[in-house]
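One structure below.
The values are calculated or read from the model by the stated rules, or taken from the named source; none is laboratory data. Here the structure is a predicted model, which means the values were calculated and not measured. Counting neighbours? That spans all protein chains shown, and the Cβs are built from the backbone with ideal geometry, glycine included. Just so you know, the surface numbers come from the protein's heavy atoms only, side chains and all, with ligands and any DNA or RNA stripped out. Shrake-Rupley method; radii C 1.70, N 1.55, O 1.52, S 1.80 Å.
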Amino acid sequence: VAHTHYERVPHYRDLTPQDEWDLLERGLNRVTDTCIPEEEAFRRIQKHIVKIWKDAEAAGERYFPHEFMYKLLLSGVMEQYYEIDLKDSWMYAAAEKNLPMVVPGWEDSTMGNIFASYVMKGELKASTMKSGIEYMGFIADWYTKNTDKGVGFFQIGGGIAGDFPICVVPMLYQDMEMHEIPFWSYF
């Protein structure tokens, strides 16, 4: 939604504190060598996702972070901001197919921070968003139902994004004592 507004900072290691401040003052959130524009990216999404969060809460519904994003994408409200062809969006393709997705540690993301701010202001309940423990239960259940022919795993990101699904099989084997559970076929 903000592709043309991103700014590259190839010399990010040489930035001074004043350079960093100037980027922030311009509404650019730096992630290593790329600056993401606050208004064109996050705030555009925020004004639409908040309504979806509040509507779900009002209806007594709870969803995972990726399910809320699927609802946002499939609603069409973001189309005015698209800067790429939808056929080139892996996220939109995943939403169309309702692919199972696991997003552990989502709280440590910009959208997670925005959701937390609404909880802290008393405008949303934390329970509207399904938790990381529920994600572990989801992936464990999904894994046990889909391992008959072998299951592979496509990982986007490092750290918890990789550790979380890797750990599901040892958890099933060791903690759930499911000694017949097959291991991941590939990563």
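Among the residues of the stretch 85-92, is there at least one that is among the acidic types (Asp, Glu), modelled with pLDDT under 95 and assigned to a loop (DSSP other than H, G, I, E, B)? Within the stretch 85-92, one or more residues are among the acidic types (Asp, Glu), modelled with pLDDT under 95 and assigned to a loop (DSSP other than H, G, I, E, B). Assess whether residue 121 counts as being over 22 Å from residue 55 (Cβ atoms), of a type in the set (Lys, Arg) and open to solvent by 80 Å² or more (accessible area, probe 1.4 Å). No, not satisfied.
Which of the residues spanning the stretch 147-171 are free of Cβ contacts under 8 Å to residues at least 24 places away in the same chain, over 15 Å from the mean Cα position of the chain (by Cα) and either on the phi > 0 side of the Ramachandran plot or not in a helix (DSSP H, G or I) (or both)? Listed by number, the residues that qualify are 148, 149.
Name every residue in the stretch 105-129 that is over 24 Å from residue 40 (Cα atoms) and assigned to a helix (DSSP H, G or I), in order of residue number. Matches in the stretch 105-129: 120, 126, 127, 128. Step by step: first the residues of the stretch 172-181, then only those that are touching a helix residue (DSSP H, G or I) at 6+ places or on another chain (Cβ under 8 Å) and in a loop (DSSP other than H, G, I, E, B), then the one that is nearest to residue 91 (Cα to Cα). Which residue is that? Going through the qualifying residues, I end up with 181. Does residue 173 qualify as being among the hydroxyl-bearing types (Ser, Thr, Tyr), under 19 Å from residue 64 (Cα atoms) and either at pLDDT below 90 or surrounded by 15 or more Cβ atoms within 10 Å (Cβ to Cβ) (or both)? Considered against the rule, which asks whether it is among the hydroxyl-bearing types (Ser, Thr, Tyr), under 19 Å from residue 64 (Cα atoms) and either at pLDDT below 90 or surrounded by 15 or more Cβ atoms within 10 Å (Cβ to Cβ) (or both), residue 173 comes out as no. Candidates in the stretch 1-27 are the residues that are out of contact with any strand residue (DSSP E or B) (no Cβ under 7 Å at 6 or more places or on another chain) and basic (Lys, Arg); of these, the one that is nearest to residue 69 (Cα to Cα) is 26. All of 156, 181, 166 fail the test of being hydrophobic (A, V, I, L, M, F, W, C) and either closer than 22 Å to residue 44 by Cα or surrounded by 15 or more Cβ atoms within 10 Å (Cβ to Cβ) (or both), apart from 181. Only residues that are at pLDDT below 95, open to solvent by less than 50 Å² (accessible area, probe 1.4 Å) and not polar (S, T, N, Q): list them for the stretch 24-72, please. Those that are at pLDDT below 95, open to solvent by less than 50 Å² (accessible area, probe 1.4 Å) and not polar (S, T, N, Q): 27, 28, 33, 35, 36, 37, 38, 41, 42, 45.
In the set (1) loosely packed, with under 13 Cβ neighbours inside 10 Å; (2) assigned to a helix (DSSP H, G or I); (3) not aromatic (Phe, Trp, Tyr), residue 139 fails one condition alone, (1).
Sub-7 Å Cβ pairs linking a first residue in the stretch 129-144 that is modelled with pLDDT of 95 or more to a second residue that is open to solvent by less than 20 Å² (accessible area, probe 1.4 Å) and among the small types (Gly, Ala, Ser), at least 6 apart or interchain, number zero. If only residues of the stretch 2-19 that are surrounded by 14 or more Cβ atoms within 10 Å (Cβ to Cβ) and within 28 Å of the chain's Cα centre (by Cα) are counted, the one that is farthest from residue 86 (Cα to Cα) is 12.
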